[in-house]
Amino acid sequence: MKRIAIIGGGISGLSAAYTIEEKRQSGTPVEYVLFESSPRLGGVLVTDRVDGCLVEAGPDSFLTEKPWAADLCRKIGLGDQLIGSNDSERKTYIVARGKLVVMPDGLMFMVPTKIMPTVFSPLFSWRTKIRMAAEWFHPPHKASEDETVAEMVERHYGSEMVDLLADPLLSGVYGGEASGLSVRAVLPRFADMESKHGSLGRAMLAARKKMGAAVNLPARPLFSSLKEGMQQMVDALVARLDANALKKSSLVQSVIRQDNGWTVCAGYQSDQFDAVIIATPTHVAASVLQAADENLAREMGGIKYSSSVTVTLGYDEEVRRSLPPGFGFLVPRSEGHRMLAATFVHNKFPHRAPDNRAIVRCFLGGARDEQILQSSEEEILQIVRRELRQIIALNAEPLFARVYKWKSAMAQYSVGHLERLQRIESLRQKLPGLALAGNGYNGIGVPDCVRSGAEAAGKILAEMGMWSSA
């Protein structure tokens with residue numbers, strides 16, 4: 001009987017455990033133990049019910065185009081629980097000069113693909129609009145080395161585009177800054193488009209036409225979620241795992257390679273395993289691996305993380321009627337607010353609030369505002385309520401409020417990230433029976449974490465001769 005240790009009980013570790021559990025159920029002689037330092041499983045996937053409203057503490061959805069999370073949901077019996085975002089209501093605003101300005105039609109993640117909506121939008125200055133027009137004639141360009149997203153976007157569209165779109169969009173996804181994130185790691189598609197087409201606008205339009213010609217199907221919703229919230233995925237996964245294999249409130253201090261296997265030290269106990277999957281943030285993994293390989297630990301510790309705070313406010317029917325239509329707004333740093341974005345949850349997804357309730361979800365923190373975690377919940381609520389008054393004139397007293405702090409939760413893929421991953425992989429290969437998973441490597445979203453956990457388990461099972469590519 002082969003034994004595998006999984007360290008980390010977030011969605012990556014749970015996905016790894018489920019992959020192994022499937023093999024165990026089919027008769028493969030393998031067992032696993034999952035160690036989680038906190039009293040609950042699921043990491044940032046936490047869903048609360050408050051006043052008839054569904055409140056997400058962490059991610060509220062995942063990108064539909066990345067299939068791994070939805071595929072896992074179907075495998076664990078949640079296929080009929082998957083829901084799409086209300087894209088007919090999708091409208092996003094940018095706070096510009098103190099006012100909400102609608103993002104113009106045809107913008108595909110900061111790349112304009114329609115000229116007229118952009119020309120008539122009050123969001124951009126004429127100087128930027130001229131830059132957008134000229135961008136269509138950019139020659140192919142392949143950067144000799146990695147660069148930041150800000151450098152690439154500024155080369156194509158100018159600094160205003162970085163401030164108004166690139167920075168707010170990336171702060172929402174990565175909790176980072178365009179000036180600190182790697183193009184090759186964060187937007188590899190853009191780097192490829194630039195090298196082949198030059199103009200990002202022309203490349204994006206060509207890709208959309210090709211997709212439309214290949215598949216004549218209705219457009220899928222941009223985001224997917226679950227009727228009862230993201231924790232529904234965690235609960236369904238945990239229910240399908242071996243309950244005796246789940247060790248909550250078990251902090252692993254170190255893993256040591258010895259005798260063709262691994263010793264896992266947790267608290268005052270140690271146990272022997274044939275293989276180890278580490279599915280924690282990379283700075284935690286670095287600490288755990290220090291005794292096994294100092295060089296590997298050093299490389300993993302070099303991946304930085306940012307923290308975030310989510311604040312959910314519930315309001316009555318009158319506020320719901322008064323709020324702007326659409327999904328919410330993004331706040332450029334140049335506006336001088338601490339809030340990064342806000343989502344009108346009742347518009348974004350069905351089943352999130354009764355018809356007489358509004359849910360406004362606000363985001364703070366990120367790479368430039370780690371100190372927000374030092375503020376009390378009351379101080380954070382004061383900041384959020386003051387800025388909502390300033391931005392959308394929301395003066396009403398909330399019916400309820402929830403504040404969630406997530407320290408060092410979002411990996412920052414800085415310039416040179418892909419080269420660092422190559423060094424990590426080279427060092428990992430020298431340690432048989434070790435696999436890595438989580439949001440610190442090749443994607444931070446829920447689908448990426450699901451994929452990384454499943455792939456890590458697949459690697460270990462393949463090393464043991466228990467996994468066939470067929």
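The values are calculated or read from the model by the stated rules, or taken from the named source; none is laboratory data. What you see is a predicted model, and the numbers here were worked out from it, not measured in a lab. Please note: Cβ atoms are built from the backbone with ideal geometry, for glycine as well, and neighbour counts cover all protein chains shown. Protein only, heavy atoms only, side chains kept; ligands, DNA and RNA dropped before computing areas. Shrake-Rupley method; radii C 1.70, N 1.55, O 1.52, S 1.80 Å.
Going by the alpha-carbon gyration tensor, a ≥ b ≥ c the square roots of its eigenvalues, is the range 72-167 rounded (a/c under 1.5) or, if a/c is not under 1.5, prolate (a/b greater than b/c) versus oblate? Could you put the intermediate results ahead of the total?
Numbers: a/c = 2.40, a/b = 1.48, b/c = 1.62.
Oblate shape, in that a/c is at least 1.5 and b/c is the bigger or equal ratio.
Counting only residues at least eight positions apart within a chain, or on another chain, the lysines with an alpha carbon under 29 Å from that of Lys248 are Lys2, Lys23, Lys75, Lys227, Lys304, Lys405, Lys407, Lys459. Please report the relative contact order for the range 288-349, taking Cα pairs under 8 Å with a sequence separation of at least 6, and give it as a percent rounded to a whole number. With pairs under 8 Å counted, the relative contact order is 21 percent.
Considering only Leu289, Leu226, Thr92, the residue lying farthest towards the positive end of the dipole of the chain is Thr92, judged by Cα position with unit charges set on Cβ.
Figure the gain on full extension for Ser38 and Glu397 (residue separation times 0.36 nm, minus the Cα-Cα span) and round it to one decimal in nm. Don't skip to the end; give the middle numbers.
Values: separation 359, 0.36 × 359 = 129.24 nm, distance 3.41 nm.
Full extension of this stretch gives 125.8 nm more.
Any idea what the dipole of the range 315-470 comes to, in debye rounded to 20, about its Cα centre with Lys/Arg Cβ at +1 and Asp/Glu Cβ at -1? Don't skip to the end; give the middle numbers.
Working: 21 positive and 17 negative charges, 49 e Å.
Result for the range 315-470 is approximately 240 debye, rounded to the nearest 20.
Each of Phe120, Ile20, Ser334 was placed along the dipole of the chain (beta-carbon charges, centred on the mean Cα), and the one lying farthest toward the positive end is Phe120. Computed from the C-beta positions of Trp136 and Gln382 and an R0 of 60 Å, the FRET efficiency is 0.80 to the nearest 0.05. For the chain, excluding the exposed loop sites themselves (trypsin sites (Lys or Arg not before Pro), DSSP loop, at most 12 other Cβ atoms within 10 Å), the longest remaining stretch covers 143-429.
The heavy atoms of Met103 offer some 40 square angstrom of accessible surface to a 1.4 angstrom probe. The label point for Asp87 and the one for Asn260, both projected 7 Å from the Cα toward the Cβ, are 5.3 nm apart. With the simple model of a label 7 Å out from the Cα in the direction of the Cβ, Leu251 to Ser179 spans 3.7 nm. Each Lys and Arg adds +1 at its Cβ and each Asp and Glu adds -1 at its Cβ; summed about the Cα centre, the chain shows a dipole of about 900 debye.
Rounded to the nearest 20 debye, the dipole size of the range 1-137 about its Cα centre is 560 debye, using +1 on the Cβ of Lys and Arg and -1 on the Cβ of Asp and Glu.
Mind running the shape call on the range 108-215? Use the C-alpha gyration tensor, a ≥ b ≥ c as the square roots of the eigenvalues: rounded below 1.5 for a/c, prolate if a/b tops b/c, oblate otherwise. Don't skip to the answer; put the middle values down first.
On the way: a/c = 1.38, a/b = 1.05, b/c = 1.31.
Rounded shape, in that the Cα axes give a/c under 1.5.
Quick one: if the Förster radius is 35 Å, what FRET efficiency do Lys209 and Ser144 give, using the C-beta to C-beta distance and rounding to 0.05?
Working: r = 31 Å, r/R0 = 0.87.
Once the sixth-power term is evaluated, E becomes 0.70.
Contour minus end-to-end for Asn442 and Gln371, with contour as 0.36 nm per residue of separation and end-to-end as the Cα-Cα distance? Working shown, then result.
Working: separation 71, 0.36 × 71 = 25.56 nm, distance 2.72 nm.
Stretched out fully, the Asn442 to Gln371 stretch lengthens by 22.8 nm.
Looking at the range 1-77, the GluC sites (Glu not before Pro) that sit in a DSSP loop and have at most 14 other Cβ atoms within 10 Å of their own Cβ are Glu65.
Quick check on the chain: helices-only [θ] at 222 nm, where DSSP H runs of length 4 and up contribute -39,500 (n - 2.57) each and the sum goes over total residues. Nearest 500, please.
Numbers: 17 runs with 166 residues, N = 470.
The helix contribution divided over the chain gives -10500 deg cm²/dmol.
With each label modelled as a point 7 angstrom along the Cα→C-beta vector, the Arg220-Ser408 pair spans 3.5 nm.
Rounded to the nearest 0.05, what FRET efficiency do Leu418 and Asn295 give with R0 = 30 Å and r taken as the Cβ-Cβ distance? Could you check? The formula returns an efficiency of 0.95 here.
Taking θ as phi - 60° and the Karplus parameters 6.51, -1.76 and 1.60, the scalar couplings of the range 242-258 work out to 6, 4, 6, 8, 9, 10, 7, 6, 10, 7, 8, 7, 7, 10, 10, 7, 6 Hz in sequence order, x denoting glycine and proline.
Per residue, the average separation of C-alpha pairs within less than 8 Å and at least 6 apart gives the range 225-380 a relative contact order of 17 percent. The range 73-100 to the range 1-70: how many Å between their Cα centroids? One Cα centre to the other: 22 Å.
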